[in-house]
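Let me begin by presenting the structure, written as structure tokens, before commenting on it.
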Amino acid sequence: MHDPATITPSGHDAPAPPQGECWAITDLAAGNQRQALALAEHMNMPVRHLVLSPRAPWSWLSPRMTWGGRLALPASQRAAFAPPWPRIAIGCGRSAALLTRMLRTLTEGHCHTVQILDPRVAPAHWDTVIAPRHDGLAGANVMNPLGSLNPIDDAWLQDGRDASPTLSELPQPRVGVLLGGPRGGIRIDADYAQRLVERLLERRRHEGGSLMVLASRRTPVAAVEVMRNALRGNPGLVWAGPDDGNNPYPGVLGWADRLIVTPDSVNMLSEACAVGCAVHTFVTGALPPKLARFHQSLRAAGLLHEMDEDAPATQTPLRETAAIADALRKRLLAS
């Protein structure tokens with residue numbers, strides 16, 4: 001079962017917010033931004049989001065090559081990465097790892113540096129490294145959550161319901177379907193979409209309800225079209241981008257009675273498991289080893305189920321971001 005002992009918050013004994021500013025440093029990747037900002041916003045400190053992209057040759061060797069300091073950034077970005085320095089800096093992604101690592105030197109250790117995801121070099125270069133358990137990274141300053149960090153809690157879900165009240169009118173059970181995209185060793189294509197939608201419609205014939213399908217930027221157009229064609233006339237929605245209106249993702253998660261998630265994305269699976277309803281996935285082949293370990297951890301915790309497996313209607317949600325923020329605040333106040 002899931003054991004968050006190393007990052008469990010202390011409830012009513014949570015420390016007061018530290019003084020100073022919190023920087024969230026990322027590149028343009030939405031997944032990296034979502035994790036860094038989720039943790040930064042839980043710190044209860046003023047947050048500044050810096051989207052920075054080191055230039056070559058630093059970008060090629062990030063975060064290993066640190067000589068040159070702020071010259072690693074294009075001239076247009078150096079003014080943002082400058083004093084007054086923050087009390088804590090939270091980076092996510094390889095590009096950010098270079099900058100959070102440099103901040104320890106630039107601030108003479110006065111900035112607590114946090115790196116989310118395995119930086120692929122010794123964790124000792126940062127004050128805190130947060131790497132999911134399936135990465136297999138260990139160290140005195142390493143925290144190992146089961147899943148990825150995200151902003152989902154009861155208030156977030158209620159905001160989603162408030163923003164999309166018409167989804168409550170869809171027949172129950174309301175099934176949210178989150179589509180990712182292909183990655184090494186995993187095919188998410190038109191054939192996969194056809195097999196998935198056949199299973200979805202077969203279950204709907206027995207239990208009724210509605211299907212709320214959300215594609216991501218990585219979802220192939222052909223897979224989306226399979227879904228649109230197969231679900232035409234069925235209650236629900238298919239959303240694949242701005243042409244379909246505003247992104248209803250928070251509303252879908254807020255109103256879903258069950259979630260079906262493609263197996264390719266740690267972030268999508270983690271966010272689905274943070275909701276508290278049953279979460280299923282549709283796996284059609286062997287998964288890459290690290291991803292397979294993640295799936296197995298979720299299953300062992302009772303958080304993830306096969307497509308047609310019976311599961312409780314509700315489950316304890318996987319919410320680790322607040323606990324990690326609590327632990328970081330304690331470290332800051334003790335330093």
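Coordinate-derived values only; no laboratory data. Being a predicted model, the structure only gives us computed values, none of them experimental. Positions of Cβ are backbone-derived with ideal geometry, glycine not excepted, and every protein chain shown enters the neighbour counts.
Applying the Kirkwood pairwise sum to the alpha-carbon positions of the range 21-81 produces a hydrodynamic radius of 12.5 angstrom.
About its Cα centre, the range 95-216 has a charge dipole of approximately 400 debye under the convention of +1 per Lys or Arg Cβ and -1 per Asp or Glu Cβ, with nothing else charged. Taken about its Cα centre, the chain carries a charge dipole of about 1120 debye when Lys and Arg each add +1 at the Cβ and Asp and Glu each add -1 at the Cβ.
Given a Förster distance of 30 Å, report the FRET efficiency between THR316 and GLU225 from their Cβ-Cβ distance, rounded to the nearest 0.05.
Computed FRET efficiency for THR316 and GLU225 comes out at 0.20.
The mean of 1/r over all distinct Cα pairs in the chain, once inverted, gives the Kirkwood hydrodynamic radius of 21.1 Å.
Other residues with beta-carbon under 12 Å from the beta-carbon of CYS92 carry, at +1 per Lys or Arg and -1 per Asp or Glu, a net charge of 0.
Solvent-free Debye calculation, one equal scatterer per alpha-carbon of the range 96-138: log10 I(q)/I(0) at 0.24, 0.31 Å⁻¹ equals -0.75, -1.11. Relative protection proxy for 173-182, 220-229, from highest mean packing down: 173-182, 220-229 (other beta-carbon atoms within 10 angstrom). I want to make sure I understand the PRE zone here: with the label point 7 angstrom from the Cα of GLU309 toward its beta carbon, which residues in the range 249-276 have backbone N atoms less than 11 Å away? No residue qualifies, since no backbone N sits under 11 Å from the label point. Ellipticity at 222 nm from helices only: DSSP H runs of n ≥ 4 in the chain, each -39500 (n - 2.57), divided by the residue count, give -10000 deg cm²/dmol. Taking every DSSP beta bridge that has both ends in the chain, the antiparallel portion is near 5%.
Give me the compactness ratio for the range 211-335, meaning the Cα radius of gyration over 2.2 N^0.38 Å.
Here the Cα radius of gyration is 1.23 times the empirical estimate.
Each part reduced to its alpha carbon centroid, the range 308-335 and the range 170-195 end up 26 Å apart. Name the residue from PRO288, PRO242, HIS112 whose Cα lies farthest towards the positive end of the charge dipole of the chain, charges +1 on Cβ of Lys and Arg and -1 on Cβ of Asp and Glu. Final value for the positive-end residue is HIS112.
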